[in-house]
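The values are calculated or read from the model by the stated rules, or taken from the named source; none is laboratory data. Values in this document were obtained by computation on a predicted structure and should not be read as measured data. Counting neighbours? That spans all protein chains shown, and the Cβs are built from the backbone with ideal geometry, glycine included. Remember, those area values only see protein heavy atoms, side chains included, never the ligands or the DNA or RNA. Shrake-Rupley method; radii C 1.70, N 1.55, O 1.52, S 1.80 Å.
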Amino acid sequence: TFELLGSDFFGYENLLTEPEQAAIIKLRAYLEKEVRPIANGCWDRAEFPTQVIKPLAELGMYSFGWESTKPFENSAVFRGFVALELARVDASVATFVGVQNGLAAGTLEACGSDEQRAEWIPRLASGEIVGAFGLTEPLSGSDAAQGLRTTATRNGDSWTLNGAKRWIGNATFSDVTIIWAKDTADNQVKGFIVPTDTAGYTATKIEGKISLRAVQNADIVLTDVIVPESLRLQNANSFKDTAKVLRATRAEVSWAAVGNAIGAYDAAVAYAHERVQFGKAIGGHQLVQDLLVKSLGNITASLGMVVRVSQLQDQGVQRDEHSALTKAYTTSRMRETVAWCRELFGGNGVTLEYNVARHFADAEAIYSYEGTQEMNTLIVGRIITGQAAFV
Ligand code: FAD
């Protein structure tokens, strides 16, 4: 069993089965040994540590949840703790895994035919290929359900894709990118498995980010990209099918938000013990304790929420609104928490060296991606009032 009264104050990790706990301990050891020492440097240089891709595959990070590949019966609660553990050390690596496992393999699981699942998921799971998920566009983000401009036109047994995508994670080096586009015949959103060496496909790195700098995000241009009908996701017939994927990934992003907050909190607790001002460790000053206790309160409340949303997923009753409320709430609490933890470091809190600034900066992208705070709020507002305020 896990140690209580740390950042998991109420001991939620004890809900995990023994094999799940063992997998978390193994992952934690790998991350501390191999990822933590390089995380700040990769962030500073805006480089993704590609050397972690294969070892993370060996730890089963891209195999969770898929019938064909799962290493053992694992729950959504377990997959959540995996996302938490990754983000606690490096939210960029957590985002890489979220795209590879949740968005790329997750789309194939939810929207692919049996043949498509059998062909692509094992290759993603083993880390042989890297996947990406292209929904957002330069002119369409929050309104993706209505506003996509990328088109897909059928000509016999093939489709021609034209348009542009923006912010696509892993896409500077992905082997395959899921592209969401509007069918020019019926105006519905459909999904396509696009190998990135297809003629007419280009991906260019987005430079100058201040958040999740190690994640490689790309602008993609699609100019008369031709893909066969066999690469159209056979069970993606409208945006409702895209939303099924996002329902699961938004819950996992919420877990990563809790992990990112815990990373900052762990560093703040250690610093409160070490740093001496006015003749005593700063943890002995009342207002410093207040920062720590408010942070722990946010983390503990958020953990309760992510555990419950994943239990609902395990029971098969999770709704879009459950994920939306969880994402809006936990990312807001994360943003407060990382700011309080950074504050506790004074000046040292603005340098990478003290292991809090990265969590502070990474919170911004986590807060905005996979549906902004506003959009997730409006999804919940619609179910409360019966009125959609965003169409
Ligand atoms: P906009 O939609 O332009 O919104 C701008 C602001 O207006 C926001 O505050 C928004 O909440 C607000 N707003 C918009 N409409 C309303 C409304 N009706 N009412 C109230 N407020 C409103 N996308 C992918 O497809 N694949 C990826 O892998 C991916 N990875 C990402 C990684 C990073 C680091 C980042 C930053 C983004 C990533 N995204 C990805 C895109 C991300 O999902 C979008 O940025 C996000 O959905 C918001 O869209 P937008 O940036 O176009 O903002």
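What the table below lists for this structure:
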{"quantity": "Flag if residue 335 is among the charged types (D, E, K, R), open to solvent by 50 Å² or more (accessible area, probe 1.4 Å) and assigned to a helix (DSSP H, G or I)", "calculated": "yes"}
{"quantity": "Candidates 76, 57, 83, filtered to the one that is touching an Asp or Glu at 6+ places or on another chain (Cβ under 6 Å), touching a residue at least 40 places away in the same chain (Cβ under 8 Å) and open to solvent by 10 Å² or more (accessible area, probe 1.4 Å)", "calculated": "83"}
{"quantity": "Residue check, residue 357 under 22 Å from the mean Cα position of the chain (by Cα), open to solvent by less than 50 Å² (accessible area, probe 1.4 Å), within 15 Å of the ligand (Cβ to nearest atom) and among the hydrophobic types (A, V, I, L, M, F, W, C)", "calculated": "no"}
{"quantity": "Per-region count, the range 36-62, residues part of a helix (DSSP H, G or I) and either at positive phi or touching a Pro at 6+ places or on another chain (Cβ under 7 Å) (or both)", "calculated": "2"}
{"quantity": "Tabulated pairs, the range 366-377, first closer than 15 Å to residue 249 by Cβ and open to solvent by 50 Å² or more (accessible area, probe 1.4 Å), second of a type in the set (A, V, I, L, M, F, W, C) and within 8 Å of the ligand (Cβ to nearest atom), C-beta under 9 angstrom, 6+ apart or interchain", "calculated": "369/167; 369/212"}
{"quantity": "Options 325, 287, 296; residue that is of a type outside the set (Asp, Glu) and open to solvent by less than 40 Å² (accessible area, probe 1.4 Å)", "calculated": "296"}
{"quantity": "Residues located in the range 50-79, provided they are of a type in the set (Val, Ile, Thr) and modelled with pLDDT of 95 or more", "calculated": "50, 52, 53"}
{"quantity": "Matching option when the condition is open to solvent by 10 Å² or more (accessible area, probe 1.4 Å) and more than 30 Å from residue 308 (Cβ to Cβ), among 17, 95, 50", "calculated": "50"}
{"quantity": "Flag if residue 246 is among the aliphatic types (A, V, I, L, M) and either in contact with a strand residue (DSSP E or B) (Cβ under 6 Å, 6 or more places away or on another chain) or under 20 Å from residue 153 (Cα atoms) (or both)", "calculated": "no"}
{"quantity": "Check on residue 160, of a type outside the set (A, V, I, L, M), open to solvent by 20 Å² or more (accessible area, probe 1.4 Å) and more than 8 Å from the ligand (Cβ to nearest atom)", "calculated": "yes"}
{"quantity": "Number of the condition not met by residue 391 [criteria: (1) open to solvent by 60 Å² or more (accessible area, probe 1.4 Å); (2) modelled with pLDDT under 95; (3) assigned to a helix (DSSP H, G or I)]", "calculated": "(3)"}
{"quantity": "So residue 344, is it of a type in the set (A, V, I, L, M), more than 14 Å from the ligand (Cβ to nearest atom) and farther than 15 Å from residue 92 by Cβ", "calculated": "yes"}
{"quantity": "Filter result for the condition that a residue is open to solvent by 30 Å² or more (accessible area, probe 1.4 Å), closer than 25 Å to residue 198 by Cβ and within 16 Å of the ligand (Cβ to nearest atom), over 117, 166", "calculated": "166"}
{"quantity": "Leading residue by the ranking (least open to solvent (accessible area, probe 1.4 Å)) among those in the range 140-156 that are without any contact (Cβ under 8 Å) to a residue 12 or more places away in the chain and more than 8 Å from the ligand (Cβ to nearest atom)", "calculated": "147"}
{"quantity": "Filter pass, residue 328 being modelled with pLDDT under 95 and out of contact with any Cys (no Cβ under 8 Å at 6 or more places or on another chain)", "calculated": "no"}
{"quantity": "Residue list for the range 210-226, restricted to those being buried (at least 18 other Cβ atoms within 10 Å of the Cβ) and within 12 Å of the ligand (Cβ to nearest atom)", "calculated": "211, 212, 213, 214, 215, 216, 217, 218, 219, 220"}
{"quantity": "Count - residues of the range 125-138 that are within 8 Å of the ligand (Cβ to nearest atom) and either open to solvent by 50 Å² or more (accessible area, probe 1.4 Å) or polar (S, T, N, Q) (or both)", "calculated": "1"}
{"quantity": "Failed criterion for residue 185 (all others in (1) assigned to a loop (DSSP other than H, G, I, E, B); (2) closer than 19 Å to residue 370 by Cα hold)", "calculated": "(2)"}
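Residues are listed down the side, and each one gets a yes or a no for (1) in contact with a helix residue (DSSP H, G or I) (Cβ under 6 Å, 6 or more places away or on another chain); (2) within 30 Å of residue 49 (Cβ to Cβ):
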| residue | (1), (2) |
| --- | --- |
| 133 | yes, yes |
| 139 | no, no |
| 142 | yes, no |
| 154 | no, no |
| 158 | no, no |
| 198 | no, yes |
| 201 | no, yes |
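Residue by residue, here is whether (1) closer than 27 Å to residue 16 by Cα; (2) within 16 Å of the ligand (Cβ to nearest atom); (3) basic (Lys, Arg) holds:
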site: 290; (1), (2), (3): no, no, no
site: 295; (1), (2), (3): yes, no, no
site: 324; (1), (2), (3): yes, yes, no
site: 385; (1), (2), (3): no, yes, no
